[in-house]
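Novice: The structure is given below, and queries will be raised subsequently.
The values are calculated or read from the model by the stated rules, or taken from the named source; none is laboratory data. Predicted model, so just to flag it, every value in this text is computed and none were measured. Don't worry about glycine lacking a Cβ; one is built from the backbone with ideal geometry, like all the others, and counts go over all protein chains shown.
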Amino acid sequence: MRRSFLPRFVPLFLFFLAVVGTAATETYQLKLGFRQGEVRRYKVEESLTLKFQIPGQGPLEIKTVIKAVLRQEVLGVDPAGGAELACRMESWRRQNWANGEIVEAEDEEEKNLLGLRVRIKVSPQGETKLLEPTELPSTISLDNYAGYSFLPPGPVTVGEEWTKNLMQNVGNVRCPTTVRSRLEKVERIGTSRLAQIAQEITQEIPEFSLPLPDAAGQFIAAGTFFGAGRISFDLDRGYTKEEAHLFQGRLMAKLASGEAKMEIPMDMELMVIVNLLS
């Protein structure tokens, strides 16, 4: 007699669909975790390259590299899981080049940054509030000490995207910034579950002006930058392990001195790499 396996197969098939459906809709909560007295140290490297040409002169390339170590110490944790952090730069060094020739950086900038002590309040969702000092220098952004704009507002699934609109400081200029993030995958490395997040960033630099040396005129510029990057976030411990971003864009600059006006397109590229040391 020919036997049918269909009655046995149907329940198994339905069970398989249920398992696949459950796995496909599994959600992950990306939120910060803090422990009293914990210290996190990050190695930060930034490389900025600016290329342009002034009419009547040869091409110019200016490059700036910053290498720093950021220290975050958890001073206290509240019942909601938020924390108060003490942040400072353990080390900070800038090097400048112009067409391959080293240009000496100002020691005063390094002294000011190394001497700055920042105290902030951070929620599990990454919302930050500056506690001390009451105001940061205009050239320094709070993101330099605690940048968590990649965190989603709630649980997300693999492949899900979320967008945040914020303002960021670029020097003395407040720039509208759009950050689009996507949870690409969750993988286990050793004992840790790591969320791999991909990002696309658009930043508008509104027109700003700076006085030229010796009151010779004004430097006026505006531009748009596009960036892409990846962040590796430890789901179990609640902190960033590493991140890498590349930004590219063009700044349209105008030099105005008396009756003379000159337009100069400036191509810029910025690379940022952050790695957890301890």
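Novice: Looking only at segment 131-171, how many residues end up being in a strand (DSSP E or B) and farther than 20 Å from Ile201 by Cα? Give the derivation first.
Specialist: As a first pass, look at segment 131-171 and keep what is in a strand (DSSP E or B): 131-132, 156-157, 161-170.
Right, trim to farther than 20 Å from Ile201 by Cα and you get 131-132, 157.
Final tally of qualifying residues: 3.
Novice: In segment 241-259, which residue that is more than 11 Å from the chain's Cα centre (by Cα) and touching a residue at least 40 places away in the same chain (Cβ under 8 Å) is nearest to Ala195 (Cα to Cα)?
Specialist: We begin by selecting, within segment 241-259, every residue more than 11 Å from the chain's Cα centre (by Cα); these are 241, 248-259.
Filter once more, so that each one left must be touching a residue at least 40 places away in the same chain (Cβ under 8 Å): 241, 249, 251, 253, 255, 257-258.
Working: Lys241: 10, Gly249: 29, Leu251: 34, Ala253: 40, Leu255: 46, Ser257: 52, Gly258: 55 Å.
Among those residues, the one meeting the criterion is Lys241.
Novice: Within segment 45-106, which strands (runs of 3 or more DSSP E) (wholly inside it) include 2 or more residues that are farther than 22 Å from Gly249 by Cα, at pLDDT 95 or above and not polar (S, T, N, Q)? Full working, then the answer.
Specialist: On the way: elements: 59-77, 83-98, 101-103.
The strands (runs of 3 or more DSSP E) meeting that bar are 59-77, 83-98.
Novice: Give the residues of segment 62-80 that are among the acidic types (Asp, Glu) and either exposed (fewer than 14 other Cβ atoms within 10 Å of the Cβ) or within 18 Å of Asp143 (Cβ to Cβ) (or both), sorted by residue number. Give the derivation first.
Specialist: Our first condition is that a residue be among the acidic types (Asp, Glu); within segment 62-80, this holds for 73, 78.
Result: Asp78, single match.
Novice: List every residue pair whose Cβ atoms sit under 6 Å apart, with the two residues 6 or more apart in sequence or on different chains, where the first one lies in segment 165-191 and is without any contact (Cβ under 8 Å) to a residue 24 or more places away in the chain and within 29 Å of Glu26 (Cβ to Cβ) and the second, anywhere, is exposed (fewer than 14 other Cβ atoms within 10 Å of the Cβ) and of a type in the set (S, T, N, Q).
Specialist: Filtered contacts from segment 165-191: Asn165/Thr178; Arg180/Thr163.
Novice: Here's another thing I want to ask about it. Any residue in segment 127-139 that's over 15 Å from Asn169 (Cβ atoms) and of a type in the set (Asp, Glu): show its pairings with residues that are at pLDDT 90 or above and surrounded by 14 or more Cβ atoms within 10 Å (Cβ to Cβ) at Cβ separation under 8 Å, as long as the two are six or more apart or on different chains.
Specialist: Glu132/Val118; Glu132/Arg119
Novice: Exactly one condition in (1) touching a helix residue (DSSP H, G or I) at 6+ places or on another chain (Cβ under 9 Å); (2) more than 27 Å from Glu269 (Cα to Cα) is false for Leu85; which is it?
Specialist: Only one criterion is unmet by Leu85, namely (1).
Novice: Filter segment 195-216 down to the residues that are at pLDDT 90 or above and either closer than 30 Å to Gly238 by Cα or in a loop (DSSP other than H, G, I, E, B) (or both) and list them by number. Outline the logic, then answer.
Specialist: Residues of segment 195-216 that are at pLDDT 90 or above, as a first pass: 195-204.
Ala195, Gln196, Ile197, Ala198, Gln199, Glu200, Ile201, Thr202, Gln203 - these are the residues of segment 195-216 that are at pLDDT 90 or above and either closer than 30 Å to Gly238 by Cα or in a loop (DSSP other than H, G, I, E, B) (or both).
Novice: Now a separate question. Please go through segment 21-41 and pick out each residue that is farther than 20 Å from Gly82 by Cα and in contact with a Ser or Thr (Cβ under 8 Å, 6 or more places away or on another chain).
Specialist: First, pick out the residues of segment 21-41 that are farther than 20 Å from Gly82 by Cα: 21-27.
Answer for segment 21-41, where residues must be farther than 20 Å from Gly82 by Cα and in contact with a Ser or Thr (Cβ under 8 Å, 6 or more places away or on another chain): Ala24, Thr25, Glu26, Thr27.
Novice: Just name the residue that is surrounded by the most Cβ atoms within 10 Å (Cβ to Cβ) out of those in segment 127-173 that are of a type in the set (Ser, Thr, Tyr) and under 20 Å from the mean Cα position of the chain (by Cα).
Specialist: Narrowing segment 127-173 to residues of a type in the set (Ser, Thr, Tyr): 128, 134, 138-139, 141, 145, 148-149, 157, 163.
After this cut, where a residue has to be under 20 Å from the mean Cα position of the chain (by Cα) as well, the list is 128, 138-139, 141, 145, 148-149, 163.
On the way: Thr128: 17, Ser138: 11, Thr139: 14, Ser141: 16, Tyr145: 23, Tyr148: 19, Ser149: 16, Thr163: 10.
Ranking the qualifying residues of segment 127-173, first place goes to Tyr145.
Novice: Right, here's the next one. Where residues in segment 228-278 are charged (D, E, K, R) and assigned to a loop (DSSP other than H, G, I, E, B), which of them is surrounded by the most Cβ atoms within 10 Å (Cβ to Cβ)? Give the derivation first.
Specialist: The first filter runs over segment 228-278 and keeps only residues charged (D, E, K, R), leaving 230, 234, 236-237, 241-243, 250, 254, 259, 261, 263, 267, 269.
Next, only the ones that are assigned to a loop (DSSP other than H, G, I, E, B) stay: 236-237, 259.
On the way: Asp236: 11, Arg237: 16, Glu259: 5.
Selected residue: Arg237.
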